[in-house]
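A.B. asks: Let me begin by handing over the structure; questions about it come next.
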Amino acid sequence: MTVNKKVNMKNSPTILSPKEVLRKDKREGGFSILEIIIAMTIFMIVTGSIWGVLRIASQSRAVTNQQVQLTKNVRMALNVIGRDTYNAGYAYPVTSSVLLPDNRISARLGIPNDFDTSRDEVPPIIAGNNLNVDNYNTVANTRTDQVTFLFKDSTFNLVGTDQVSTAVNINAPTTPTAGVIEIAPSSGTNSVCRINDLYLVSGTNGAALGVSTGLNGTTAVQFANGDVLGFNQTGTGGFMSSITGTTMSMMRVKMVTYFVTSDGTLTRREFVNVPAVTPAVAFADEPLVYNVDDFQIRYIMDDGTVSDNPSAGPDGVAGNADDTQLRLEAVRQLRFTVSTRSTERDPSGQPYRESMTSTFSTRNLGYDAS
C-alpha cells in the first residue's frame, strides 16, 4: 500500500548555500581591531582637547580671581586715602601757623628734624619722602613714602538740627599748677570734651595743638606735660598758654598718617582721639593692604609743578636750611601709587602683581577746579 505524505515546506529548515552563509556572517560581524583602534584614537584626541580647554579656563579663572582680589584691595585703600586727602585742612588754619615745640612733630612722625631750634610749624599736610624701609620688596632697602593729614573732627560738638560740628568758644588759658595748662569753655561746661583727644586752640595771635590729659570737674579741660604724643609744653617754649584774643576757640582735630610697615602692610594710623584707657594710647592702626611692594606719593602744587616733598626746599633734601614746611599749604593735589605682589604664583611661577595710581584734590587747601 502506498502512503502519500505531504511535506510542510513552511516549517522545514532552510538550507543555505555556502555563498549565502558567508554573506550572512559578514552582515552580523562586530568591529575589527583596526576600527576599534581608530575610534579610540579619535576619542583620546577629543578628550585631550576638552581637557586642555578646561585646564586653560581653570588657570585663567585663577589668574582673574587673584587679579580681581588685588585690585579690589588696592582700590578700597585708595578710596580711604582719597577721603582723608579731601578732608585735609578742613577748618584747619592754612594761612596762619599752628605751632608745637621744636621737633615734636618730627619725633612723632619719624620725619627728619628741622635745621633750627625754633618752634615747629604744623601745616595740614606733612610729607615724608622715602622714609620707611619695606622688607617685603625683594629689592633690598626699598623705601616707601608716608603722608600725614590734619583736619577738624566733624563729630565734635554737634549743634543745631543739622548737627553741624562747631568749635567751642573758650576763655584764655591759665596755668593753675606747674606743668598744667587749663582751658575753660565760655559756656561753663566741658561736656563735649574728652581725655586723650587732640585739640586745636586758636586765638588772634595764632594757634597750637595739644592733647587733653584731664577734665577739671565739669568746667575745664587740662593739658599737662608728658602727654602720649609729647605735644604739650607749659612754661618757656610752650605756645598754648600764650594764645590770646577777644575771640578764642577750641576744636577737636584728627591727625592721620598713611605709611607702609616693614613687613609690607599699608596702614592708616589715627593719633589719639579714642576713649580714655589706662594707660592712654598714642594711636590706633588700621591695616589697609597687605603684601605692598611700594607706596609712592607725589605732590602737585598751586603753580603746576610736581614734587616728591615740597617742604624739602629747592635741593629736595629734608632737614636742612632751605626747608619750608609751610610750602605744603600750596599743595593742590596728591598722586598715590600703590604696588602689591601676592604670595600666590601663576602657572609660570611668577607672583600676581597689581599697581594702581590715583590723584585726589586737596579741596580745603584752595584747590581751584578751573
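The values are calculated or read from the model by the stated rules, or taken from the named source; none is laboratory data. This one's a predicted model, so the numbers in the text were calculated from it and none came from an experiment. No Cβ is skipped: glycine too gets one built from the backbone with ideal geometry, and neighbour counts run over all protein chains shown. Remember, those area values only see protein heavy atoms, side chains included, never the ligands or the DNA or RNA. Shrake-Rupley method; radii C 1.70, N 1.55, O 1.52, S 1.80 Å.
A.B. asks: Once you wrap a convex hull around the alpha carbon atoms of the stretch 201-352, what is its projected area averaged over all directions, in nm²?
C.D. replies: Details: hull surface 57.5 nm².
Hull-based average projected area comes out at 14.4 nm².
A.B. asks: OK, next. Among Ser106, Ser348, what's the order by accessible area (1.4 angstrom probe), most exposed first? Don't skip to the end; give the middle numbers.
C.D. replies: Working: Ser106 5, Ser348 85 Å².
Accessible-area ranking of Ser106, Ser348, largest first: Ser348, Ser106.
A.B. asks: Give me the extension gain from Leu326 to Arg345: residue separation times 0.36 nm, minus the current Cα-Cα distance, reported in nm with one decimal.
C.D. replies: Working: separation 19, 0.36 × 19 = 6.84 nm, distance 4.58 nm.
The span from Leu326 to Arg345 would gain 2.3 nm if fully extended.
A.B. asks: Calculate the length of the line joining the C-alpha centroid of the stretch 181-246 to that of the stretch 296-318, in whole Å.
C.D. replies: The stretch 181-246 and the stretch 296-318 have Cα centres separated by 33 Å.
A.B. asks: Diagonalise the Cα gyration tensor of the stretch 177-232 and give the resulting equivalent ellipsoid semi-axes, square root of 5 times each eigenvalue, largest first, whole Å.
C.D. replies: Details: eigenvalues 54, 43, 22 Å².
Semi-axes from the Cα gyration tensor: 16, 15, 10 Å.
A.B. asks: Compute the long axis of helix 18-28 from its Cα atoms, compare it with the longest principal axis of the Cα atoms of the chain, and write down the angle in degrees, 0 to 90, nearest 10.
C.D. replies: 10
A.B. asks: Here's another thing I want to ask about it. Which whole-number percent gives the relative contact order of the chain, counting Cα pairs below 8 Å spaced six or more residues apart? Walk me through the numbers on the way to the answer.
C.D. replies: On the way: 754 pairs, mean separation 64.6, N = 370.
RCO, the chain: 17 percent.
A.B. asks: With every protein chain left in place, what is the accessible area per residue of the stretch 169-253 in square angstrom, probe 1.4 Å?
C.D. replies: Working: 3270 Å² over 85 residues.
Ligands and nucleic acids excluded, the result is 38 Å² per residue.
A.B. asks: Using the Karplus curve 6.51 cos²θ - 1.76 cosθ + 1.60 with θ = phi - 60°, work out ³J(HN,Hα) for each residue of the stretch 249-262 in order, rounded to whole Hz, and write x for Gly and Pro.
C.D. replies: Values per residue, Gly and Pro as x: 8, 9, 9, 7, 10, 9, 10, 10, 10, 10, 7, 10, 6, 5 Hz.
A.B. asks: Leaving out ligands and nucleic acids, note down the accessible area per residue over the stretch 305-369 with a 1.4 angstrom probe, in whole Å².
C.D. replies: Numbers: 3220 Å² over 65 residues.
Value for the stretch 305-369: 50 Å² per residue.
A.B. asks: May I pose another question? Provide the solvent-accessible area of Ile81, counting protein heavy atoms only and rolling a 1.4 Å probe, rounded to the nearest 10 Å².
C.D. replies: Surface open to solvent at Ile81 totals about 0 Å².
A.B. asks: Can you give me the distance in nm between label points at Ile42 and Ala178, each placed 7 Å from the Cα along the Cα-to-Cβ direction?
C.D. replies: Taking the two extended label points, one gets 10.4 nm.
A.B. asks: Moving to a separate point now. Taking DSSP loops as anything outside H, G, I, E and B, show the longest stretch in the chain free of chymotrypsin sites (Phe, Trp or Tyr not before Pro) there with at most 16 other beta carbons within 10 Å.
C.D. replies: Working: sites that count: Phe31, Phe115, Tyr290, Tyr367.
Within the chain, the longest run free of exposed chymotrypsin sites (Phe, Trp or Tyr not before Pro) spans 116-289.
A.B. asks: How many percent of the accessible area of the stretch 212-259 is carbon or sulfur, using a 1.4 Å probe?
C.D. replies: On the way: 870 of 1730 Å².
Here it works out to 50 percent.
A.B. asks: Across every pair of different alpha-carbon atoms, what Kirkwood hydrodynamic radius in Å does the stretch 30-186 reach? Write out the running numbers ahead of the final one.
C.D. replies: Values: mean 1/r = 0.0435 Å⁻¹.
For the stretch 30-186, inverting the mean 1/r across all distinct Cα pairs yields 23.0 Å.
A.B. asks: Looking at the chain only, what percent of DSSP beta bridges run antiparallel? Nearest 5 please.
C.D. replies: 95
A.B. asks: Keeping every protein chain in place, order Glu344, Glu182 by accessible area at 1.4 Å, biggest value first, i.e. largest first.
C.D. replies: Details: Glu344 95, Glu182 30 Å².
If we order Glu344, Glu182 from most to least accessible, we get Glu344, Glu182.
A.B. asks: Also, quick follow-up: Could you please state how large a percent of the accessible area of the stretch 108-160 is carbon and sulfur, counting protein chains only and using a 1.4 Å probe? Spell out each step's value before the answer.
C.D. replies: Working: 1030 of 2290 Å².
Here carbon and sulfur together make up 45 percent of the probe-accessible area.
A.B. asks: Can I ask one more? Based only on Cα atoms, what mean projected area does the convex hull of the stretch 303-368 have, in nm²? Before the final figure, lay out each step's value.
C.D. replies: Details: hull surface 28.2 nm².
Computing the convex hull of the Cα atoms and averaging its projections yields 7.1 nm².
A.B. asks: Let me ask you something else. Hey, what's the Kirkwood Rh for the chain if you take every pair of different alpha carbons, in angstrom?
C.D. replies: On the way: mean 1/r = 0.0391 Å⁻¹.
Taking every pair of different Cα atoms in the chain, averaging 1/r and inverting gives 25.6 Å.
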